[in-house]
Amino acid sequence: MKPASPFLELDDASRVDVVFDGMPLRLSDGANLAAALLAAGVSVFRETPVSGAPRAPFCMMGACFDCLVEIDGVVRQACMVDVSDGLIVRKPLSGEVLDETV
Ligand code: FES
């Protein structure tokens, strides 16, 4: 079941299947992944390695790294990725680092 979200969803017929932490979602194809996950009700993208504090997108422009997620096995900034069909997204394990080669 989809969690509640404070964001207004646009009526969009071009939705694709994405999985976040095992939860199937239908997100707008080509949308910004961080924005689409927030709109779908995802409020915690990762936990900090030291304290375990929950983090979520803050800057939405690639500067803060609070939106780090693992996408198809690679840790990336969700705000710098577009939604595409079949993405498998999960919270990175504590201590996983950004792969800057992607
Ligand atoms: S929200 Fe700041 S880097 Fe993605």
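The table for this structure:
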| quantity | calculated |
| --- | --- |
| Relative contact order of segment 26-90, pairs being alpha-carbon contacts under 8 Å that are 6 or more residues apart, as % | 37 percent |
| Stretchable slack from residue 84 to residue 58, in nm (0.36 nm times residue separation minus alpha-carbon distance) | 7.2 nm |
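Each value in this text was obtained by applying a stated rule to the coordinates, not by laboratory testing. Predicted model only: the values in this text are computed from it and were never measured.
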